[in-house]
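Following: one structure in structure tokens, then a few remarks.
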Amino acid sequence: MLSKKMEKALNAQINAEFWSAYLYLSMSAYFEAEGKSGFANWFKVQFKEEQAHAEIFMNFVYDRGGRVMLQPIAAVDTQWENPLHVFKETLKHEQKVTKMINELYAIAEEEKDYATRSMLTWFIDEQVEEEKTAQEYIDHLALIGDNGFGMYTIDKELATRTYTTPAPLANSAE
Ligand code: MG
């Protein structure tokens, strides 16, 4: 059974994951408008991953006999300066999410809730990847600058990303 404090914190995280999904979908829409379909694809995949994260948390709350209560999703930005700006904002956002996951872990420790701690381990590892990837694209885009061919090449590369269901959700499929 989840404590009320843990249940509330997990519900807040579910909302944050859906907000992340919404943010990345907005970034995808921005790139569609800019004619950068590879970037748009990459962020569309990112959107699906964040939705999956929310579902993983939801399933966990169900499994522990808790109650999921979906809250309104706050507005997101719709305009950015350029691709580099988008990835800088992505990194900033992921660093914020890392902090939130760490805080959830701290609550789980405080509550001696070992099941929640165990579930969060996957997210802690996932955040290392998220931050690393955003930083890599920041580095690439900084290098490319205004070079048209560089931008064309990276757009082609980002077009190849495909969605795969994250392991905790794939494993939980009935
Ligand atoms: Mg996430």
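Just a few scattered comments:
- Within segment 118-142, the set of residues being hydrophobic (A, V, I, L, M, F, W, C), open to solvent by 70 Å² or more (accessible area, probe 1.4 Å) and in contact with a Leu (Cβ under 7 Å, 6 or more places away or on another chain) is empty.
- So ALA115, is it in contact with an Asp or Glu (Cβ under 9 Å, 6 or more places away or on another chain) and surrounded by 11 or more Cβ atoms within 10 Å (Cβ to Cβ): yes
- Screening LEU2 with (1) surrounded by fewer than 20 Cβ atoms within 10 Å (Cβ to Cβ); (2) assigned to a loop (DSSP other than H, G, I, E, B); (3) away from the ligand (no atom under 16 Å from the Cβ); (4) not aromatic (Phe, Trp, Tyr) gives one miss only, at (1).
- Pairing each residue of segment 82-110 that is small (Gly, Ala, Ser) with any residue that is in a helix (DSSP H, G or I) and open to solvent by 30 Å² or more (accessible area, probe 1.4 Å), provided the two are 6+ apart or on different chains, yields C-beta distances under 6 Å for ALA108/ARG117.
- Reported count of residues in segment 39-93, each being in a helix (DSSP H, G or I) and either touching a Ser or Thr at 6+ places or on another chain (Cβ under 6 Å) or of a type outside the set (Val, Ile, Thr) (or both), is 31.
- Flag if ASN82 is away from the ligand (no atom under 13 Å from the Cβ), polar (S, T, N, Q), open to solvent by 10 Å² or more (accessible area, probe 1.4 Å) and modelled with pLDDT of 95 or more: yes
- For segment 26-43, a residue qualifies if it is within 16 Å of the ligand (Cβ to nearest atom), touching a residue at least 40 places away in the same chain (Cβ under 8 Å) and either surrounded by fewer than 20 Cβ atoms within 10 Å (Cβ to Cβ) or of a type in the set (Gly, Ala, Ser) (or both), and exactly one does: SER26.
The values are calculated or read from the model by the stated rules, or taken from the named source; none is laboratory data. Given the structure is predicted, the values throughout are model-derived calculations rather than measurements. Glycine gets a Cβ as well: all are built from the backbone with ideal geometry, and neighbour counts include every protein chain shown. Heads up: the accessible areas ignore ligands, DNA and RNA and are worked out on the full protein's heavy atoms, side chains in. Shrake-Rupley method; radii C 1.70, N 1.55, O 1.52, S 1.80 Å.
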